[in-house]
Amino acid sequence: MEDKKEKIFVSYTQNDIAWAEWIAEELEKKGKKVIIQSLDFGPGDNFVSKMDDALRTSSIVIAVLSKDYLSSYHCISELTAAYANKNQKLIPVRISDFQVEGLWASLNYIDLFDKTEDESRKLLERIFTKPKRKAKYFPGKPDDNPSRKNNLEDNAITSHNLPSKNNKFTGREELLKNIRNTFLTNNEISLVQAYAMTGMGGIGKTETVKEYAYQYLKEYQHVWWVNAESGASIESAYRSFAERNKLGSPEDKSETVIMNVRNWMQKNDRWLFIFDNAENEKLLEQYYSSPVSEERHILITSRNKRFLNITPIDISVFTEKEACDFIEKYTNKPADEHFRELARKMGYLPLALNQAGVYMKIHLKSYQEYLDLYNKYNLQLLKKYDDDPEMKTVATTWQISLEKIDNKASKQLLNLCAFFGPDNVFTKWFQQASSVLPEELREAADNELVYIDVIAELTKYSLVSLNDEGALSIHRLVQEVIRDSLKKEQSDWRNICIHILNKLRYTDFSTAESRSLFLSLAPHVDSATQGINDEEATEEVSFLNNFLGFGFDELADYPQSLKYYRKALAIDEKVLGSEHPSTATSYNNIGVVYNSQGNYGLALEYYEKALDILEKVLGREHPSTANSYNNIGDVYRTQGNYCLALEYYGKALAIREKVLGRHHPKTATSYNNIGAVYFSQGNYVLALEYLEKALAICEKVLGREHPDTKTIYENIAYINKESDKL
């Protein structure tokens with residue numbers, strides 16, 4: 001296979017062929033393998049196939065940018081394909097005097113317009129070569145370095161207004177290196193390089209970009225911190241910058257200040273502007289612009305993930321190691337299993353761990369003591385910041401984002417997510433259960449386009465994240481903040497979640513997909529029903545516990561199955577009474593699990609409890625009573641007690657023949673079970689007699705291809721084979 005790294009594809013429109021061939025020739029002089037239509041596509045070639053191959057197998061695509069190029073359908077298709085390919089480097093080269101507009105205005109390009117041939121050749125070389133750095137001054141003491149002393153007078157040394165350095169900053173080493181490497185890698189052909197650090201509140205965006213600024217402070221001559229929460233705060237930072245650098249006068253109007261700083265950006269290199277907590281990309285557009293140059297960098301922090309022309313860098317929570325390293329700076333003690341448990345419960349959120357560290361330091365609490373307090377008081381412990389009352393807590397950090405959600409349906413969806421498990425809440429579930437949703441969310445869920453906007457409103461401010469499979473994730477502390485804000489309405493929203501999950505219940509676990517769906521639903525059922533007190537327990541909660549018990553039984557996870565079946569039994573006994581058919585069903589379900597485990601004594605005990613209720617409440621001739629007789633017969637047959645097995649199977653058969661009829665599948669089951677007992681006793685004649693009765697029913701009711709019918713065929717064949725041996 002041809003090495004993709006050796007190939008460069010030159011995309012152009014026919015009017016610019018002279019430029020394209022000159023660029024290709026210059027690149028080939030450098031030993032590069034170049035693909036260009038005019039020279040490599042011959043008569044009779046399949047144009048579409050050749051073009052597709054060139055685009056797919058080239059590591060670099062050079063777009064010869066002109067007004068004609070951006071007006072060409074085929075050229076735009078090539079440009080779009082290269083733009084979308086993350087494994088390809090797209091390098092536009094502007095060769096005429098025109099204004100690039102729309103989405104393509106954000107592309108970084110090499111500008112060859114109005115350049116001499118030598119100048120153009122040198123600019124092309126920057127695609128493959130990185131300019132050498134030359135220090136403009138020795139970074140020693142000013143008194144020892146006359147050159148630097150002069151620069152001080154010219155305001156050329158590093159000038160900054162950074163907030164105080166965080167001496168407890170921990171981790172993020174790879175992220176900081178990646179930011180720096182990204183700046184350096186793209187340095188050859190970029191406009192102003194802007195990257196947006198996005199993520200939920202409290203995750204450490206601001207501290208990370210501040211640490212970057214301090215680590216690489218000497219690489220810049222100017223580093224300026226801008227509070228970007230509003231236009232007024234940005235203007236204030238720009239006015240301070242203008243005053244520091246003597247741009248205009250203090251009396252200048254806002255427009256003049258902004259223009260002066262923008263002009264300064266266009267004429268100077270080696271600067272970094274940090275826009276902290278930016279509302280959105282559009283707000284920033286009027287505050288910076290620059291032609292091609294080196295070392296003009298912008299970093300942005302924002303909860304808003306919607307950046308189109310600025311590259312977003314999503315920041316995640318701490319790793320366990322980063323969390324442990326972080327806390328040790330507060331306590332000077334190695335992290336232990338108690339802290340690791342605490343960090344896990346806090347979802348490794350830096351702000352929450354910082355609050356924990358402050359509290360432990362001030363109140364001299366050990367990891368275990370703080371964990372005990374957190375288990376007892378939870379969010380209440382994180383509402384106070386003892387070290388600095390002006391610092392934002394976990395709750396207040398997200399309040400800003402929560403208040404920005406105007407869409408009522410979005411708020412309702414977020415409230416529901418607070419009671420589901422934190423990960424993999426599939427958005428389609430709300431659509432499938434739309435009939436039980438609040439009015440606004442129900443109407444949105446029934447309209448796909450509206451529903452997309454509802455979800456986007458939540459992802460916009462990083463309150464939830466959405467993966468490619470359509471599943472939402474929400475940090476567990478965000479859930480706690482939302483639940484806390486709902487106060488007395490908590491039970492109402494929890495009940496809606498229980499209604500939704502009951503709509504999603506099912507009983508067929510015969511396929512891999514159904515078992516996978518169960519494992520997806522189980523943590524959400526567990527979360528929605530967790531902590532429900534006796535007053536809140538309902539039959540619907542019992543249904544969900546039975547669903548979990550049944551599912552785990554199907555997966556042969558018997559301890560988990562018993563756990564949830566026992567929860568269902570406790571609810572049934574309290575809500576419905578000790579002599580209700582649903583209570584009998586719960587007894588029966590527990591008996592099924594014990595039987596699967598081979599604990600036949602306990603299986604019989606619970607089966608008989610179920611039978612006592614059913615005989616008393618439903619009578620001795622009810623189909624449910626017949627099922628209990630049948631289950632008891634199963635246990636006796638497994639134990640080899642064939643006499644008792646036949647007795648209980650016979651009781652079940654008598655009820656089914658009388659109530660359900662001689663042609664019901666349940667009746668066939670009884671015939672089959674009795675036949676199996678006779679076979680075990682060696683009475684093949686009676687075994688065949690009962691199996692043939694079962695077969696006649698199954699063939700008529702279920703059909704010859706049904707699995708139950710095929711099983712009886714196999715059983716009869718096996719008995720005949722054994723009979724022949726006699």
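The values are calculated or read from the model by the stated rules, or taken from the named source; none is laboratory data. Fair warning: this is a prediction, and the values are worked out from it, not measured in the lab. Ideal geometry is used to build each Cβ from the backbone, glycine not excepted, and the neighbour counts take in all protein chains shown.
Some points to look at:
- For the stretch 432-452, filtering for residues that are under 21 Å from the mean Cα position of the chain (by Cα) and buried (at least 17 other Cβ atoms within 10 Å of the Cβ) leaves 2.
- Any hit, the stretch 595-611, residues being surrounded by fewer than 22 Cβ atoms within 10 Å (Cβ to Cβ), over 40 Å from the mean Cα position of the chain (by Cα) and basic (Lys, Arg): yes
- Of the residues making up the stretch 361-375, those that are within 18 Å of LYS345 (Cα to Cα) and in a helix (DSSP H, G or I) are TYR367, GLN368, GLU369, TYR370, LEU371, ASP372, LEU373, TYR374, ASN375.
- Residue that is aromatic (Phe, Trp, Tyr) and within 31 Å of the chain's Cα centre (by Cα), where the choices are PHE273, PHE241: PHE273
- Total residues in the stretch 196-214, condition touching a Leu at 6+ places or on another chain (Cβ under 6 Å) and not in a loop (DSSP other than H, G, I, E, B): 3
Results for (1) small (Gly, Ala, Ser); (2) modelled with pLDDT of 95 or more; (3) over 28 Å from PHE550 (Cα atoms), shown as yes or no for each residue.
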{"site": "TYR461", "(1), (2), (3)": "no, no, yes"}
{"site": "VAL464", "(1), (2), (3)": "no, no, yes"}
{"site": "LEU472", "(1), (2), (3)": "no, no, no"}
{"site": "ARG483", "(1), (2), (3)": "no, no, yes"}
{"site": "LEU501", "(1), (2), (3)": "no, yes, no"}
{"site": "SER527", "(1), (2), (3)": "yes, no, no"}
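- GLU235 falls short of the stated requirement of being more than 20 Å from LYS165 (Cβ to Cβ) and loosely packed, with under 14 Cβ neighbours inside 10 Å.
- Hits in the stretch 481-501 - residues which are touching a Leu at 6+ places or on another chain (Cβ under 7 Å) and either surrounded by fewer than 18 Cβ atoms within 10 Å (Cβ to Cβ) or among the aliphatic types (A, V, I, L, M) (or both): VAL481, ILE482, ASP484, ILE496, ILE498, LEU501
- Per-region count, the stretch 664-711, residues under 19 Å from SER624 (Cα atoms) and at pLDDT below 90: 0
- Residues located in the stretch 172-190, provided they are part of a loop (DSSP other than H, G, I, E, B), modelled with pLDDT under 85 and crowded, with 18+ Cβ neighbours inside 10 Å: ASN187, GLU188, ILE189, SER190
- Check on PHE420, buried (at least 16 other Cβ atoms within 10 Å of the Cβ) and under 16 Å from the mean Cα position of the chain (by Cα): yes
- Taking the numbered list (1) among the aliphatic types (A, V, I, L, M); (2) surrounded by fewer than 16 Cβ atoms within 10 Å (Cβ to Cβ); (3) assigned to a helix (DSSP H, G or I) in turn, VAL541 passes all entries but (2).
- Test: residue in the stretch 638-646 that is under 30 Å from LEU602 (Cα atoms), surrounded by 19 or more Cβ atoms within 10 Å (Cβ to Cβ) and within 52 Å of the chain's Cα centre (by Cα): no
- Flag not set for PHE318, criterion: aromatic (Phe, Trp, Tyr) and touching a strand residue (DSSP E or B) at 6+ places or on another chain (Cβ under 8 Å).
- The set of residues in the stretch 683-713 being in contact with a Gly (Cβ under 9 Å, 6 or more places away or on another chain) and of a type in the set (Lys, Arg) consists of LYS693 alone.
- For ASP276: the one exception among (1) of a type outside the set (Phe, Trp, Tyr); (2) out of contact with any His (no Cβ under 9 Å at 6 or more places or on another chain); (3) closer than 22 Å to HIS160 by Cβ; (4) surrounded by fewer than 20 Cβ atoms within 10 Å (Cβ to Cβ): (4)
- Residue match in the stretch 564-580 (condition: touching a helix residue (DSSP H, G or I) at 6+ places or on another chain (Cβ under 6 Å), polar (S, T, N, Q) and closer than 23 Å to ASN533 by Cα): no
- Exactly one residue among GLY577, GLY591, GLY551 is over 24 Å from PRO523 (Cα atoms) and part of a helix (DSSP H, G or I), and that residue is GLY591.
- Hits in the stretch 7-55 (condition: without any contact (Cβ under 8 Å) to a residue 24 or more places away in the chain and of a type in the set (Lys, Arg)): LYS29, LYS50
- Candidates TYR684, TYR671: the one that is under 25 Å from LEU604 (Cα atoms) and of a type outside the set (Lys, Arg) is TYR671.
- Within the stretch 51-82, the set of residues being of a type in the set (Gly, Ala, Ser), over 18 Å from LEU39 (Cβ atoms) and surrounded by 14 or more Cβ atoms within 10 Å (Cβ to Cβ) comprises SER59, SER66, SER72, ALA81, ALA82.
- Selection within the stretch 685-726 - of a type outside the set (A, V, I, L, M, F, W, C) and within 14 Å of HIS664 (Cα to Cα): LYS693, GLU699, LYS700, GLY703, ASP708, THR709
- Residue count for the stretch 109-130, restricted to those that are within 39 Å of the chain's Cα centre (by Cα), at pLDDT 70 or above and farther than 16 Å from VAL10 by Cβ: 1.
- Every listed requirement among (1) modelled with pLDDT under 90; (2) within 23 Å of GLU207 (Cβ to Cβ) is met by ALA343 save one, (1).
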